[in-house]
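Read the figures in this text as sums done on the coordinates, not as results from a lab. Keep in mind it's a predicted model, so treat the numbers as computed, not measured. As a convention, Cβ positions derive from the backbone with ideal geometry for all residues, glycine included, and neighbour counts pool all protein chains shown.
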Amino acid sequence: MTKIPFTKMHGCGNDYIYVDTTQYPIADPVAAAIAWSDRHKGVGSDGLVLIGKSSIPEADFTMRIFNADGSEAMMCGNASRCIGKYLYERTNPWLLPVKEGNGYKETVIRLLTLSGVKVLYLHIVNDVVESVTVDMGEPVLEDDNLFTPNLSTPLPHREGQGVGLFVSMGNPHYVIFTDDVDQVGDTGRVLEHHPAFPQRCNIEFATPLPSERAGEAFRTRVWERGSGITQACGTGACATAVAAAFTGRAGRMSHIVMDGGTLTIEWAEADRAADGRQYKKNHVYMTGPAAFVFDGEITAP
């Protein structure tokens with residue numbers, strides 16, 4: 001039986017199993033994600049993330065992500081931050097160029113995902129990645145392939161909940177502003193599979209939090225397609241911030257407070273350069289932490 005070395009990491013509690021597929025290829029990532037993500041019989045995680053080398057010059061590395069149910073996701077903001085930390089801090093002889101010390105010592109990393117190339121800006125303190133800012137690209141508020149409202153099958157909403165807003169961050173999200181964010185399990189489970197979402201959907205429930213400036217922070221709970229309730233969702237936080245700004249509940253920057261931690265989201269209003277980063281108009285920028293949990297080996301399915 002083949003043993004596969006892995007690293008478990010989390011971003012705001014959104015935990016995944018990470019494997020370097022250039023050294024340890026996974027023949028059946030769907031089966032591996034299902035078996036290894038099991039919190040009773042496996043490692044336990046929200047899914048499996050495969051790190052690879054990019055075959056195109058526009059990107060340095062690749063990310064493939066499989067949810068706990070085996071379905072492949074387009075993108076994951078929390079996982080992308082973890083990959084940035086992993087690459088910078090870990091020894092990887094196959095990574096070139098290898099500079100002083102361990103790991104891939106670059107503070108800007110281009111990551112190829114199924115949603116395109118995402119740029120990671122690493123914030124380093126004493127040679128440790130304390131946080132990562134990710135250019136998540138432009139949000140899309142209409143996409144017939146991801147959201148097709150079906151009037152014969154209304155979207156379920158509790159009384160006083162209000163109507164949700166669809167936002168694609170490369171993957172589909174439906175953001176509902178409500179005082180009852182704890183309905184995430186009951187309503188999220190139903191909405192994920194609603195006919196309005198041909199490829200299923202991630203569902204966010206958000207409510208404003210008291211802050212110095214109105215609309216500055218939102219308490220958000222997430223139901224992720226393929227995984228259920230998760231501690232955090234990077235693309236979900238971005239979708240929530242965009243929905244809040246679009247509906248006039250917030251400005252262009254928000255703090256999204258989820259079960260596992262807080263992410264800072266900026267929806268850039270104009271092109272600008274700041275702190276070594278290039279901000280592009282209408283792009284969404286997510287900043288947050290990433291952390292190692294443990295390393296191990298597991299039998300390939």
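Peptides 197-205, 123-131, 49-57, ordered by how many other C-beta atoms sit within 10 Å of their residues on average, highest first, read 197-205, 49-57, 123-131. Computed from point charges on the beta carbon alone (+1 for Lys and Arg, -1 for Asp and Glu), the dipole magnitude for the chain about its Cα centre is near 340 Debye. The count of lysine pairs in the chain that are at least 8 places apart or cross chains, and whose C-alpha atoms lie under 22 Å apart, stands at 17.
Within the set of other residues whose C-beta is less than 12 Å from the C-beta of Pro172, count the net charge using Lys and Arg as +1 and Asp and Glu as -1. Surrounding charge for Pro172 is -4. Sequence-distant contacts, meaning Cα pairs under 8 Å at least 6 residues apart, place the relative contact order of the chain at 20 percent. Here each label is just a point 7 Å from Cα along the line to Cβ, and for Phe292 and Glu138 those points are 4.0 nm apart.
The length gained by stretching the chain between Arg277 and Ile124 to full extension, at 0.36 nm per residue less their Cα-Cα distance, is 53.7 nm.
For region 165-267, the Kirkwood radius over C-alpha pairs fed into Stokes-Einstein at 4 °C and 1.567 mPa s yields D = 98 µm² per second.
When both bridge partners sit in region 165-267, DSSP labels roughly 70% of those beta bridges antiparallel.
Between the amide H of Arg90 and those of Tyr104, distances stay under 5 Å, these residues lying 5 or more places away or on another chain, with hydrogens modeled in the peptide plane.
Computed over region 165-267, relative contact order equals 24 percent, with contacts defined as Cα pairs under 8 Å that lie 6+ residues apart. Spatial offset of region 232-269 relative to region 165-179 amounts to 11 Å, using the alpha carbon center of each. Is the C-alpha gyration tensor of the chain telling us rounded, prolate or oblate? Criteria: a/c under 1.5 is rounded; beyond that, a/b larger than b/c is prolate, otherwise oblate. Oblate. Taken as entire DSSP H runs, the helices of the chain that both span 15 Å or more between Cα atoms along their own long axis and average -0.5 or more on the Kyte-Doolittle scale are 234-246.
Springs join every pair of Cα atoms under 10 Å in this Gaussian network model of the chain, and among Pro289, Pro172, Pro210 the largest mean-square fluctuation is at Pro210. On a C-alpha basis, how far is the centre of region 17-33 from the centre of region 72-87 in Å? Whole number, if you could? Answer, in whole Å: 15.
Between Arg225, Arg110, Arg81, the Gaussian network model of the chain with springs among Cα atoms under 10 angstrom shows the greatest mean-square fluctuation at Arg110.
Working note: Karplus 6.51/-1.76/1.60 with θ = phi - 60° gives region 53-70 the couplings 8, 7, 9, 10, x, 6, 9, 8, 9, 10, 10, 10, 10, 10, 5, 4, 8, x Hz, where Gly and Pro are set to x.
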